[in-house]
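The values are calculated or read from the model by the stated rules, or taken from the named source; none is laboratory data. Small disclaimer: the values here were computed from a predicted structure and weren't measured. Using ideal geometry, Cβ is built from the backbone for each residue, glycine included, and neighbour counts are taken over all protein chains shown.
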Amino acid sequence: MDFVGIDKFSLLDYDENVSVVLFAPTCNFRCPFCHNGQSVLENNLAIPFDEILDFLKTRTGLIDAVVVSGGEPTLMNDLVSKIEKIKELGFKIKLDTNGTNPDVLRELLRKNLLNYIAMDIKNSEDKYAETVGVTNPLLSKIKESISIIMNSGIDYEFRTTLVAEYHSKESIEKMGELIKGANKLYLQKFVDREGVIKKGLHPIEEVWALSFKEILLGYVKQVELRGY
Ligand code: SF4
């Protein structure tokens with residue numbers, strides 16, 4: 001299975017690292033606020049992996065990291081071997097995931113292929129299905145991934161895109177229970193732009209985001225706003 005997109009220069013996706021970002025072809029969720037609707041809903045722009053490797057070889061010493069993003073990368077049947085080949089070139093690897101595939105996560109960690117994991121925590125358990133746009137949001141897998149990541153010993157973040165139509169003080173309080181004891185959570189501002197799966201959604205205002213942060217500091221060591 002091939003990646004379907006590449007951002008050849010990013011300063012925004014992995015802390016202070018200069019990165020190349022690769023986009024996986026599909027996703028098992030349909031989050032209404034997803035900006036990657038094209039890669040989630042279509043799968044027709046495959047980039048041969050050899051081309052990606054050839055490009056990355058020209059970036060040795062110029063970039064720090066490769067961000068493997070989506071769609072949902074862990075749905076790629078050969079993700080582990082692809083990341084192995086990228087890692088052999090000497091780049092750090094950040095994985096973006098929705099947490100639905102703990103087996104792949106475990107394998108990547110077992111092979112010591114990841115430097116950083118960013119996992120989406122979409123909402124409280126009872127609001128998860130609605131927030132990700134599917135009837136079965138695979139909650140047991142998501143909880144397994146949360147546990148794997150929190151016990152992995154590598155740097156990680158959880159992150160939540162705040163959308164007025166889906167998040168409330170009540171759902172945020174319950175969401176905190178899911179990641180109790182975690183190191184870091186980012187609360188991201190939703191931006192309505194071209195390509196979003198569902199039109200007409202709204203961001204949470206900053207004053208509310210700050211109150212959500214206060215609630216979540218009861219569960220998570222560090223909570224930051226992103227994009228506000
Ligand atoms: S936001 Fe992430 S998990 Fe949700 S549909 Fe888009 S790619 Fe999939």
Quiz prompt | Filter result (within 16 Å of Val21 (Cβ to Cβ), more than 16 Å from the ligand (Cβ to nearest atom) and part of a loop (DSSP other than H, G, I, E, B)) within the range 59-106 | solution = Arg59, Leu62, Asp64, Leu89, Phe91
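Let's see how each residue does on (1) at pLDDT 95 or above; (2) farther than 21 Å from Asp120 by Cβ:
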residue	(1), (2)
Asp2	no, yes
Asp15	no, no
Phe23	no, no
Cys27	no, no
Gly37	no, no
Leu41	no, no
Phe49	yes, yes
Asp54	yes, yes
Arg59	yes, yes
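Out of the residues in the range 143-161 that are within 13 Å of the ligand (Cβ to nearest atom) and in a strand (DSSP E or B), state the one that is surrounded by the most Cβ atoms within 10 Å (Cβ to Cβ). Please lay out each step first, then the result.
Start the filter on the range 143-161 by keeping residues that are within 13 Å of the ligand (Cβ to nearest atom), which leaves 145, 159-161.
Next, only the ones that are in a strand (DSSP E or B) stay: 159-161.
Values: Arg159: 17, Thr160: 23, Thr161: 26.
Applying the filter and picking the extreme gives Thr161.
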Quiz item: Which one is nearest to Ile117 (Cα to Cα) among residues in the range 183-205 that are without any contact (Cβ under 8 Å) to a residue 60 or more places away in the chain and touching a strand residue (DSSP E or B) at 6+ places or on another chain (Cβ under 6 Å)?
Solution: Lys184
Self-check item: the range 110-128 residues that are within 18 Å of Ser171 (Cα to Cα) and in contact (Cβ under 8 Å) with a residue 12 or more places away in the chain, paired with ones that are more than 16 Å from the ligand (Cβ to nearest atom) and among the β-branched types (Val, Ile, Thr) (beta carbon under 9 Å, 6 or more apart)
Solution: Ile121/Ile179; Asn123/Ile172; Ser124/Ile172
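Listed residues Leu114, Leu109; which is away from the ligand (no atom under 15 Å from the Cβ), in contact with a strand residue (DSSP E or B) (Cβ under 7 Å, 6 or more places away or on another chain) and not in a strand (DSSP E or B)? Please lay out each step first, then the result.
On the way: Leu109 fails: in contact with a strand residue (DSSP E or B) (Cβ under 7 Å, 6 or more places away or on another chain).
Answer to the selection: Leu114.
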Quiz item: Can you tell me how many residues in the range 188-205 are surrounded by fewer than 16 Cβ atoms within 10 Å (Cβ to Cβ) and either touching a Ser or Thr at 6+ places or on another chain (Cβ under 6 Å) or under 23 Å from Asp15 (Cβ atoms) (or both)?
Solution: 1
Quiz item: How many residues, within the range 2-26, are outside any strand (DSSP E or B) and closer than 12 Å to Asn36 by Cβ?
Solution: 4
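From the list Leu22, Leu45, pick out the single residue that is touching a residue at least 12 places away in the same chain (Cβ under 8 Å), within 30 Å of Leu201 (Cα to Cα), crowded, with 21+ Cβ neighbours inside 10 Å and within 16 Å of the ligand (Cβ to nearest atom).
Working: Leu45 fails: crowded, with 21+ Cβ neighbours inside 10 Å.
Every option except Leu22 fails the conditions.
Restricting to the range 206-228, give me the number of residues that are assigned to a strand (DSSP E or B), without any contact (Cβ under 8 Å) to a residue 60 or more places away in the chain and either surrounded by fewer than 17 Cβ atoms within 10 Å (Cβ to Cβ) or of a type in the set (S, T, N, Q) (or both). Spell out how you get there, then give the answer.
Filtering the range 206-228 down to residues assigned to a strand (DSSP E or B) leaves 222-226.
Restricting the remaining residues to those that are without any contact (Cβ under 8 Å) to a residue 60 or more places away in the chain gives 222-225.
If we keep only those that are either surrounded by fewer than 17 Cβ atoms within 10 Å (Cβ to Cβ) or of a type in the set (S, T, N, Q) (or both) as well, we get 222, 224-225.
Of the residues in the range 206-228, 3 are assigned to a strand (DSSP E or B), without any contact (Cβ under 8 Å) to a residue 60 or more places away in the chain and either surrounded by fewer than 17 Cβ atoms within 10 Å (Cβ to Cβ) or of a type in the set (S, T, N, Q) (or both).
Looking at Pro102, Pro137 in this structure, which one is over 30 Å from Asp50 (Cα atoms) and in contact with a helix residue (DSSP H, G or I) (Cβ under 9 Å, 6 or more places away or on another chain)? Outline the logic, then answer.
Working: Pro102 fails: over 30 Å from Asp50 (Cα atoms).
Checking each option against the conditions leaves just Pro137.
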